[in-house]
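Asker: Sharing a structure here in structure tokens format.
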Amino acid sequence: MKNFLLSLALLLVAVACTNSPSIHLVSNGISQYSIIIPAKANDQENRAATLLQKYVKQVSGCELPIINDLKTGQKGIFIREKAGLQYDGYRISSTDDGSVTILGGKRKGCVYGVITILETYLDCHLYSPTFKVIPASKNLNLPLINLADSSVNNYRIVNYFSQAYQNDEDLMDWNRLFPHYIFASHSFNWLVPWETYFKTHPEYYALRDGKRLPTQLCLTNPEVLKIAIEKLRKEMAANPTQVYWSVAQNDYGNPCQCEKCLKIEKEEKSQSGPLIRFVNQVAKEFPDKMICTYAYNYTQSAPAITNPIDNVHITLCSIETDRSRPIATDTSKAAKQFVKDIADWGKICKHIATYDYTINYHHFISPHPNLFVLQPNIQLFVKNNVFDHYQQSDIAEGHEFVELRLQLISKLLWNPNIDVSATMDQFLKRFYGDAAPLIRKYIDELQKDMVISGDRLNIFGPPSIHQNTYLTAENLEKYSGYFDQAEAAVKSDTTLLHHVEVARLPLSYAILEIGKTNIVGPRGWWDNSGTVKSKKMDGILDNFYAVMTREKIGVMSEHKLTARAYYDMSRQTAGKVYVQHNYAFHKRVVPDPMPNSMNKYNHADLSLLTDGGIGDLNQSKPAWIGWETDQIELNLDLDTLVNASTIEMTTLWDTDARKILHPSLTECLVSAQKEKGFVPVGRIEIKGNQVNEKNIRTHIFKIPGNTKPFRYVKLKISGNKFMPAPYPTVGQKAQIYISEISVNK
Ligand SMILES: [Zn+2]
């Protein structure tokens with residue numbers, strides 16, 4: 001496709017004469033015009049004609065006939081596909097006698113030509129399945145038009161979480177996007193299922209530390225190649241029209257380290273080496289199909305020797321990079337690596353797509369100020385010969401600035417060099433009316449505050465990780481002020497007011513979530529004494545839920561957290577604190593070993609273990625402290641001798657993360673002396689693989705009545721070293737998450 005694009009490169013410069021209108025398309029609701037398409041019109045010619053007819057009628061009430069031959073005395077808008085024009089490109093011209101001709105390149109050129117007229121001259125704008133700006137006028141005039149346009153990009157895909165978006169064909173065309181399609185998907189297990197083969201042929205799978213694991217395939221095993229090819233042959237026979245087929249790694253990391261695989265990896269200076277050699281062999285078998293694979297995670301870097309053959313399609317994933325700044329100018333190691341990798345792949349691949357990450361997947365409704373890095377990133381991709389784009393944006397109702405984000409991404413995919421700021425302002429004006437300047441101020445300030453703070457944007461991180469950088473109490477107050485003003489500015493227009501209220505949801509969410517990691521205190525849900533619950537926080541939650549419900553907003557995370565579940569979870573999390581009668585509140589816990597670096601979302605802040613609140617199940621678990629080990633000792637110093645009735649510890653079992661299990665055994669000991677004289681007061685064992693466990697479990701140790709006053713508490717925790725069957729992560733290291741320890745009067 002690259003050569004094709006270059007050879008047919010078309011003038012992008014559009015020359016439109018916008019003098020006095022000279023084409024009277026509809027006058028007083030009546031038109032002399034017909035839409036002319038070829039007698040044997042193809043799909044796109046029919047679609048273009050129907051769209052023009054539909055929207056001209058919506059605006060003016062006048063239905064233009066669609067015909068094949070123009071009768072004398074009538075005027076025509078001629079629509080037809082033209083060979084030689086670039087895919088999706090179009091040319092619109094008009095003549096002095098008032099006829100208009102729309103010529104379109106293959107696929108959608110005619111459709112996009114019509115939409116250009118509707119958008120540019122008739123002011124029709126489609127922003128979401130529910131918000132479409134269609135003006136009303138009995139008189140429609142066009143200037144003389146002479147313009148041509150096409151896109152540098154071939155496949156422009158933005159994925160949708162929402163069916164309403166996905167099924168809105170007009171909106172899709174307005175945005176010049178292709179339907180949701182993934183070139184590569186995690187398919188190793190589909191090709192050679194471990195459920196079928198692992199028991200009898202463990203050698204088909206990855207050798208890890210001397211043990212075979214079903215994480216990935218062993219790509220140098222000839223039987224694996226044979227099975228994969230046979231599977232594809234069978235599937236292709238059943239789906240003969242499907243061109244793109246995936247041969248790509250599972251999403252579990254841990255590639256094969258057998259001698260043969262390692263040898264290739266060494267020769268190719270990348271773990272993509274064994275993969276590309278394998279994929280090339282598959283692709284050779286199916287020369288008329290495209291075989292798609294990932295350059296992702298451990299295969300992100302290009303192989304040094306082997307080039308993908310012509311019918312191999314590479315999807316390069318930018319998952320390691322951060323979203324706060326353009327990848328091209330980011331000085332972080334991950335960004336520099338990506339810039340090198342995209343340049344390397346761009347040189348050796350005929351077909352390459354980027355799989356780019358543009359939102360926060362665990363917190364769809366959360367401030368994610370990346371709107372100004374969309375452009376430089378897409379420009380970087382294109383500069384490196386990437387003309388196929390998959391923008392992983394999970395578009396759905398209620399997500400942070402979803403309509404704006406879709407608008408910017410789709411326009412950038414068509415033309416990476418648009419004026420983003422002007423495009424944004426045009427959108428904001430139509431979508432927020434008089435509140436637009438305040439929404440723009442919020443967007444700009446949020447972005448500016450993030451840049452000044454030097455903080456980075458993680459695609460999974462909860463808002464609480466930014467609570468001391470750009471989501472400070474002071475900034476949240478400032479942003480809330482903008483929204484108060486924005487709501488006041490449009491209070492008389494229900495539609496616009498609702499738009500502003502939805503735009504405010506991420507800010508409210510940030511306040512609520514930050515409150516959960518400061519459960520007691522000025523930013524939290526309770527006052528310092530843990531006796532008075534914050535009415536303000538309850539109000540924000542109630543309002544958040546009310547707007548979510550009114551707008552029928554479906555899900556809040558890629559794990560499909562619903563508004564109702566979030567509401568209930570938050571009520572429960574914030575509903576109880578362990579402050580009064582808890583001797584452990586704000587006391588120091590010394591763990592051995594220290595928690596792991598996977599706690600990047602709370603910096604393994606040990607004070608969370610005795611902050612008085614139990615974390616909830618919302619993604620990223622910012623209120624939980626985690627270990628990737630099977631033996632932990634927690635030592636708690638209560639500062640004074642106490643007589644307590646119970647000691648409690650809450651732990652997590654998380655099916656989403658797939659690696660978090662409750663401890664299998666916890667022993668609780670107490671002593672009046674430091675580091676000696678401990679006596680056991682209880683032990684709790686959880687047997688088996690825990691498949692039926694609850695997510696949150698409170699281990700309660702009842703202290704025997706004859707126990708002497710104590711000051712020190714020791715919890716000896718044993719867990720599973722590795723994940724047991726039947727979890728898909730079987731064999732990988734298991735984790736233990738703890739939220740709260742209390743010693744109760
Ligand atoms: Zn191997």
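The values are calculated or read from the model by the stated rules, or taken from the named source; none is laboratory data. None of the values given here were measured: they were computed from a predicted structure. Cβ atoms come from the backbone with ideal geometry, glycine included; neighbour counts cover every protein chain shown.
Asker: Can you say whether P728 is assigned to a loop (DSSP other than H, G, I, E, B) and either surrounded by 13 or more Cβ atoms within 10 Å (Cβ to Cβ) or within 34 Å of the chain's Cα centre (by Cα) (or both), as far as the supplied structure shows?
Answerer: The answer is yes for P728.
Asker: Name the strands (runs of 3 or more DSSP E) wholly within region 17-89 that hold at least 3 residues that are under 11 Å from C110 (Cβ atoms) and either in contact with a strand residue (DSSP E or B) (Cβ under 9 Å, 6 or more places away or on another chain) or not aliphatic (A, V, I, L, M) (or both)?
Answerer: 75-81
Asker: Name the residues in region 203-231 that are among the hydroxyl-bearing types (S, T, Y) and modelled with pLDDT of 95 or more, would you?
Answerer: Within region 203-231, Y204, Y205, T220 qualify.
Asker: Right, here's the next one. On the basis of being basic (K, R), crowded, with 16+ Cβ neighbours inside 10 Å and more than 25 Å from the chain's Cα centre (by Cα), does R523 make the cut?
Answerer: yes
Asker: Would it be correct to say that S464 is within 17 Å of L505 (Cα to Cα) and among the polar types (S, T, N, Q)?
Answerer: yes
Asker: For region 704-713: of the residues being surrounded by fewer than 19 Cβ atoms within 10 Å (Cβ to Cβ) and in contact with a strand residue (DSSP E or B) (Cβ under 7 Å, 6 or more places away or on another chain), which is nearest to K676 (Cα to Cα)?
Answerer: The extreme case among them is R711.
Asker: All but one of (1) surrounded by 16 or more Cβ atoms within 10 Å (Cβ to Cβ); (2) among the charged types (D, E, K, R); (3) over 30 Å from D330 (Cβ atoms) hold for R440, so report the exception by its number.
Answerer: Going through the list (1) surrounded by 16 or more Cβ atoms within 10 Å (Cβ to Cβ); (2) among the charged types (D, E, K, R); (3) over 30 Å from D330 (Cβ atoms), R440 breaks only (3).
Asker: So if I check each of L217, L232, L225, which one is closer than 25 Å to I319 by Cβ and among the aliphatic types (A, V, I, L, M)?
Answerer: That would be L217, the only listed residue that is closer than 25 Å to I319 by Cβ and among the aliphatic types (A, V, I, L, M).
Asker: Kindly indicate the residue of region 543-596 that is part of a helix (DSSP H, G or I), among the small types (G, A, S) and out of contact with any strand residue (DSSP E or B) (no Cβ under 9 Å at 6 or more places or on another chain) and also nearest to R504 (Cα to Cα) among those meeting that condition.
Answerer: If we take residues in region 543-596 being part of a helix (DSSP H, G or I), among the small types (G, A, S) and out of contact with any strand residue (DSSP E or B) (no Cβ under 9 Å at 6 or more places or on another chain), then A546 is nearest to R504 (Cα to Cα).
Asker: Which one of E628, E693, E633 is among the charged types (D, E, K, R), touching a His at 6+ places or on another chain (Cβ under 7 Å) and not assigned by TED's automatic domain parsing to the domain that holds Y252?
Answerer: Just one listed residue meets the conditions, E693.
Asker: Residues in region 480-504 that are in a loop (DSSP other than H, G, I, E, B) and not basic (K, R): how many?
Answerer: The qualifying residues number 3.
Asker: Report, by residue number, each residue of region 73-104 that is aliphatic (A, V, I, L, M) and either in contact with a Gly (Cβ under 8 Å, 6 or more places away or on another chain) or surrounded by fewer than 23 Cβ atoms within 10 Å (Cβ to Cβ) (or both).
Answerer: Of everything in region 73-104, those that are aliphatic (A, V, I, L, M) and either in contact with a Gly (Cβ under 8 Å, 6 or more places away or on another chain) or surrounded by fewer than 23 Cβ atoms within 10 Å (Cβ to Cβ) (or both) turn out to be I79, A83, L85, I92, V100, I102, L103.
Asker: Separate question: For a quick check of your reading of the model, give me the residue pairs whose first member lies in region 228-244 and is in contact (Cβ under 8 Å) with a residue 24 or more places away in the chain, whose second is in a loop (DSSP other than H, G, I, E, B) and of a type in the set (A, V, I, L, M, F, W, C), with beta-carbon atoms closer than 7 Å and at least 6 apart or on different chains.
Answerer: A228/V192; A228/V247; L232/F286; M236/F286; Y244/F183
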